[in-house]
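Data block below; observations after.
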Amino acid sequence: MSATKTESLRRIERELGVLLHRVRRRTARSAAAVHPDLQPAALPVLLFVLDHEGVHASDVVEHFGIDKGAVSRHVAHLESLGLLARTCDPDDRRAQTIVTTDLGRDRVEAVRAERRKVVAGRLTDWSSDDLAGLADLLARYNSSLEAPAQDD
């Protein structure tokens, strides 16, 4: 590997570290904005359910790669805050699906709208091509991460 490519990979690693730190902080702020008692670790579960209405707990387990007990605790926490509800699966009356309540949907959408305004404000000097390019590169990067690792 060339020195230039190695240095670029180091820069990417540093920048991803900064990004991850910011995402953690934003997640905590977003969770508090959705509900003052919302645990930040439960916010991704709420967002996943909102984006995939009517999921089973097993879908959440599979998506996040966390154990069933953790998902159950997150769902119970979100349910106690009135943000999620469990309903009977129409295809299998023995199973339950998880849905977002109107309150959960409204609060998440308000937080997302506010976040989009903040991001748009920070990127006002970026051209449409720059924004599209970043979106394309991020999608490509995320696709690369989905591929099986060679050294696992």
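Computed from the coordinates by the stated procedures, all read-outs in this text should not be read as laboratory data. These figures come from a predicted structure and were not determined experimentally. No Cβ is skipped: glycine too gets one built from the backbone with ideal geometry, and neighbour counts run over all protein chains shown.
A few remarks follow.
- Angle of helix 102-122 to the longest C-alpha principal axis of the chain, folded into 0 to 90 degrees and rounded to 10: 10°.
- Crossing angle, helix 128-146 versus the chain [Cα axis fit, 0-90 degrees, rounded to tens]: 70
- Working from Cα pairs under 8 Å separated by at least six residues, relative contact order for the chain is 18 percent.
- Ranked by how many other Cβ atoms sit within 10 Å of their own Cβ, fewest first, the residues ASP92, ASP106 fall in the order ASP92, ASP106.
- Taking label points 7 Å from Cα along the Cα-to-Cβ direction, ARG11 and GLU62 give a separation of 4.0 nm.
- Normalised Debye scattering of the chain at q = 0.10, 0.11, 0.16, 0.18 Å⁻¹ gives log10 I(q)/I(0) of -0.49, -0.59, -1.07, -1.21, counting only Cα atoms as equal scatterers and leaving out solvent.
- Just checking the listed ones, ASP37, ASP91, ASP51: in the Gaussian network model of the chain with Cα springs under 10 Å, the one fluctuating most is ASP91.
- Distance from the stretch 126-145 to the stretch 47-108 (C-alpha centre basis), Å: 30
- Angle between the chain longest axis and helix 3-34 axis [Cα atoms, degrees, rounded to 10]: 30
- GNM flexibility winner over the chain from LEU16, LEU103, LEU47 (Cα, springs under 10 Å): LEU16
- In a DSSP loop and with at most 15 other Cβ atoms within 10 Å, the chymotrypsin sites (Phe, Trp or Tyr not before Pro) in the stretch 29-138 are TRP126.
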